[in-house]
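Q: The structure is given below, and queries will be raised subsequently.
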């Protein structure tokens, strides 16, 4: 049985991080699109569907929280992984959408990142909190 590649949108305003994550996932069989800010990601979401959106919270133009609110308002169904370099960021408390399946605190290990992405693109998984405080999908804790 042939399965379709999972489509992932990576959103980060740091070009090196955006490219690293995109290359890493592409090399592991994911179909990856990139966006450099929240507005660019919303523009891509107008014409595309994704299995997963991986986004930094601290973005230019439209930040990650505003992007998530717009996604929810548009009734988008993509699952979301939120990344942040500041786990104390008060904006993280505002994220109450059921589509956020995981939160990754930067820096993170690439093997943990891959496990989280694989779980997030799988069906029927529920989120839990890992030993490092990152919210991950059940079965990876």
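Q: Calculate, in nm to one decimal, what residue 36 and residue 118 gain on full extension: separation in residues at 0.36 nm each, minus their alpha carbon distance. Walk me through the numbers on the way to the answer.
A: Details: separation 82, 0.36 × 82 = 29.52 nm, distance 2.28 nm.
Extra length available between residue 36 and residue 118 comes to 27.2 nm.
Q: Please identify which residues in the stretch 48-81 have an amide N closer than 19 Å to a label point set 7 Å out from the Cα of residue 16, following the Cα→Cβ vector.
A: Residues passing the 19 Å test: 56-60.
Q: If the chain between residue 44 and residue 89 were fully stretched, how many nm would it gain, using 0.36 nm times the residue separation less the Cα-Cα distance?
A: 13.6 nm
Q: Another question about this same structure. Can you tell me how the stretch 1-89 classifies by the Cα gyration tensor, rounded, prolate or oblate, using a/c under 1.5 as the rounded cut? Present the calculation step by step, with values, prior to reporting the outcome.
A: On the way: a/c = 1.86, a/b = 1.26, b/c = 1.48.
Note, shape of the stretch 1-89 comes out oblate.
Coordinate-derived values only; no laboratory data. What you see is a predicted model; the values in this text were computed from it and never measured. Ideal geometry is used to build each Cβ from the backbone, glycine not excepted, and the neighbour counts take in all protein chains shown.
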